[in-house]
Amino acid sequence: MKKQILSTLVILFIFNNVFCQEDIKSKYPIDIETQLITYQEVVQEEGTKNELFNRCINWLNNFYNNPVSVTKVRDNKTGKIKGNHRFRIYYFDKDGNKLDGGMVLYSFVIEFKDGRYRYTITDFVLKKASRYPVEKWLDKSDPAYNPQWNKYLKQVADFVAGWTENLKMKMKPAPEKVEEEW
């Protein structure tokens, strides 16, 4: 009887861990091929490929402090901009003090076609002595699992949400100026 109860508890524990992992993974977009957290969207926007490319260059110059060092490729002919950057994540200690959790590196690609553009943000890595893929934070069965990892993942998602919102806002065409007659 004790073996049956123990077996049942072990099975429930295993299923609970599997379902919890799936729940966490479902919150973040995982690329099927690379198994990396990847945010990607095609945005329909007024303008030619060149107009959209130029708007994006303007956005880059306003969004990043040093946009030239951020972007590795700016190719107007292919309609592609590639870049790498980073942002800080934080955690709170038991006294509520905000402490540095590290630096997360990421890559992005923005591609343009007439009337639309697509952004892809991926390759999130925590910068340590060696690079630590943030996808490891999704694994609750990891012996080193830390509940703080969920908060770090939320910070990554919040950063991307702000990044994409700002990009979409700046990619809209400028309103036409109506000359005043007097």
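Table for the structure above
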item	result
Checking Asp95 against (1) under 15 Å from Ile37 (Cα atoms); (2) of a type outside the set (Val, Ile, Thr); (3) surrounded by fewer than 16 Cβ atoms within 10 Å (Cβ to Cβ), the condition it does not meet	(1)
Those residues of segment 128-163 which are hydroxyl-bearing (Ser, Thr, Tyr) and more than 14 Å from Leu105 (Cβ to Cβ), in sequence order	Ser141, Tyr145
Filtered residue count, segment 125-150, keeping only those that are of a type in the set (Ser, Thr, Tyr) and touching a residue at least 12 places away in the same chain (Cβ under 8 Å)	1
Residue list for segment 128-182, restricted to those being touching a Lys or Arg at 6+ places or on another chain (Cβ under 8 Å) and modelled with pLDDT under 90	Asp142, Pro173
Some residue of segment 38-56 being in a loop (DSSP other than H, G, I, E, B) and under 19 Å from the mean Cα position of the chain (by Cα)	yes
Subset of segment 164-177 (residues that are touching a residue at least 60 places away in the same chain (Cβ under 8 Å) and part of a helix (DSSP H, G or I))	Thr164, Asn166, Leu167, Lys168, Lys170, Met171
Unique residue being among the acidic types (Asp, Glu) and at pLDDT 95 or above when the list is Glu46, Glu22, Glu41	Glu41
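The values are calculated or read from the model by the stated rules, or taken from the named source; none is laboratory data. It should be emphasised that the depicted structure is a prediction, and the values quoted were computed from it without experimental measurement. Positions of Cβ are backbone-derived with ideal geometry, glycine not excepted, and every protein chain shown enters the neighbour counts.
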